[in-house]
Amino acid sequence: MRRLALFIVIICGLSLCHQTALADETSVILINHTGAAMTALRFSPSLADDWSDNLLEQALENDDEVEIPFAADAETELWDMKTTDQNGVDTEWPGLAPAETRQVVLSFEDGEPVLSYQ
């Protein structure tokens, strides 16, 4: 009986650890409504100039979406994105807050990049 109780305690503890690990990570679905395929997607803490490596494994076509995981980081609440389209044009998208949204639509209005939250 003691073995069964110990087994239950261990399983509950592992389950709690797994749930805590999941709480430390979030993801955002990016939807491309720019009118062009994206060949590169990079992130940087907001207002920093140090960009990540390209996170896309393949081109993100117009009207397609991709899920981007973010590890919880108490020091970084806002992120900037940089995309490169199929013509090699870079665009910066400032101010993404992954903890506050689940889906983000990337588009242009009057030639300016726009992030729309859903």
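The values are calculated or read from the model by the stated rules, or taken from the named source; none is laboratory data. These numbers were taken from a predicted model, which means no experiment stands behind them. Backbone-built Cβ (ideal geometry, glycine too); neighbour counts: all protein chains shown.
Sort out which residues of region 101-115 are free of Cβ contacts under 8 Å to residues at least 12 places away in the same chain and assigned to a strand (DSSP E or B), and write them in order of number.
Listed by number, the residues that qualify are 109, 112, 114.
Any chance you could count how many residues in region 88-100 are part of a loop (DSSP other than H, G, I, E, B) and at pLDDT 90 or above?
2
Quick check on region 35-57: of everything there that is more than 16 Å from the chain's Cα centre (by Cα) and surrounded by fewer than 14 Cβ atoms within 10 Å (Cβ to Cβ), which residue is farthest from residue 113 (Cα to Cα)?
50
Can you name the number of the only condition in (1) surrounded by 14 or more Cβ atoms within 10 Å (Cβ to Cβ); (2) farther than 26 Å from residue 25 by Cβ that residue 90 fails?
Exception for residue 90: condition (1).
Based on this model, can you work out whether residue 8 counts as in a helix (DSSP H, G or I) and either among the β-branched types (Val, Ile, Thr) or modelled with pLDDT of 85 or more (or both)?
Here the answer is yes, as residue 8 does meet what is asked.
Here are some conditions: (1) farther than 20 Å from residue 114 by Cα; (2) buried (at least 16 other Cβ atoms within 10 Å of the Cβ); (3) more than 16 Å from the chain's Cα centre (by Cα). Residue 26 meets all but one. Which one does it not meet?
Only one criterion is unmet by residue 26, namely (3).
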